[in-house]
1. Quick one: what are the phi-derived ³J(HN,Hα) couplings along the range 128-141, Karplus 6.51/-1.76/1.60 with θ = phi - 60°, whole Hz, x for glycine and proline?
2. H150 versus V94, label points 7 Å from Cα toward the beta carbon: distance in nm?
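Taken together, the values in this text are just the output of simple stated rules run on the coordinates, not laboratory data. Keep in mind the model is a prediction, meaning the values are calculated, not measured. All Cβ positions, even for glycine, are placed from backbone atoms using ideal geometry, and neighbour counts span all protein chains on display.
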Amino acid sequence: MTTAPLDAPTGGPDQGDPAPTMRRKRSARLTFASTVLLLEAFVVLFATLMAFGLRAAPPGVIWACGGTLAVVLLLLSGMLKRPGGYLAGSVVQVLILAGGVVLLGSAAQAAAFVALSTLAVGVVFVALWILGLRLGGRIDRERAEWDAAHPAG
């Protein structure tokens with residue numbers, strides 16, 4: 001069973017409908033933001049595995065923090081359509097950065113590189129989050145303007 005692309009006409013004479021209709025396009029902002037959160041969940045999971053392998057803390061602490069954060073990011077990537085979804089994603093980004101700063105401040109000399117790398121990856125994902133929200137919003141506005149200027153039919 002195949003599905004039509006989101007912006008492809010649905011219906012039509014060959015499908016029993018008298019006239020084709022256009023399906024609503026998915027928000028670019030939603031797509032970008034959910035992708036960033038999903039990718040960040042995988043990075044957090046792999047960082048958790050690395051911390052477990054390096055025995056950076058007791059295993060229970062590592063899995064409680066890393067596993068919980070990965071699950072929260074995964075769930076948030078699917079909940080962005082709901083009210084407060086983008087705000088919750090932004091709060092999690094701030095918490096990740098704060099955790100990176102705390103990790104850097106408490107790292108021993110040997111683990112300073114790992115803590116600095118973790119903070120750098122967190123900064124990159126925050127930048128991607130902000131970029132996704134801004135550019136996605138711009139794309140959505142431009143799509144709406146184009147659709148208003150070029151009505152279908």
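1. Each residue of the range 128-141 in turn: 5, 4, 5, 4, x, 5, 6, 5, x, x, 5, 4, 4, 5 Hz.
2. 4.0 nm
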